[in-house]
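Readers should treat all values here as calculations from the given coordinates under stated rules, not as data from a laboratory. Since the model is a prediction, treat every value here as computed from it, not as a measurement. A quick note on method: Cβ atoms are made from the backbone with ideal geometry, for glycine too, and the neighbour counts reach across all protein chains shown.
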Amino acid sequence: MTERLEKIAAAWAIAGGAVLLLIALVTVTNAGAFLIDRLARLAGGTVAGLPGYEDFVRLAVSGAALMLFPYCQARRGHIAVDLLVARLAPALRRALDRLAGLGIAALALFLAYWMAVGMVETRADHALSRVLGWPEWPFYLPGIVSLLLWAAIAAAQALERDGDG
């Protein structure tokens, strides 16, 4: 696999991690507001939580989770069943790795296609988040990019010559 794809996947995963960190910070803030509200109610007051918290988390996590997949593939961090495969001849193991890589690339492209179709339909429907009123279609973009990057990395790994990194 090219070193360039791995660097892109690493940067993409860091961006995904930053979004996940933001989700965690918003969740902690909202949970803190909930606890403070419970205490304030004892004194006759109220403290509101973050308006649209659920909207933000739902939309942000949908892209952030997929942003980690390409890096996982680049590091070959996916699940592998080695119980039977470890005893096979090296040439057969390489052939199975290539077949699996091409299968993963095909699956990621299939998912990217349908996610793009969903994005176009969501945009045409003018779908908005319930509380914040944000258009939902832009939140499909990180997922589509992630799936395309995942497919490119899996295909590059499947097609690399023996001994290539």
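Quick notes on this one:
- The slack in the chain from A11 to R123, taken as 0.36 nm per residue of separation less the alpha-carbon distance, amounts to 37.5 nm.
- Extension gain, W114-A40: 0.36 nm per intervening residue step, less the Cα-Cα distance, totals 21.9 nm.
- Expected-Rg normalisation [2.2 N^0.38 Å, Cα atoms] applied to the chain: 1.38
- The packing ranking, built from the mean of other Cβ atoms within 10 Å per residue, places the peptides 146-158, 42-54 in the order 146-158, 42-54, highest first.
- The helix-based estimate of mean residue ellipticity at 222 nm for the chain, built from -39,500 (n - 2.57) per DSSP H run of four or more residues and divided by its residue count, is -24500 deg cm²/dmol to the nearest 500.
- When the chain is treated as a Gaussian network with alpha carbon springs shorter than 10 Å, the biggest mean-square fluctuation among V26, V145, V131 belongs to V131.
- The percentage of C-alpha pairs in segment 34-114 whose separation is greater than 19 Å is 63%.
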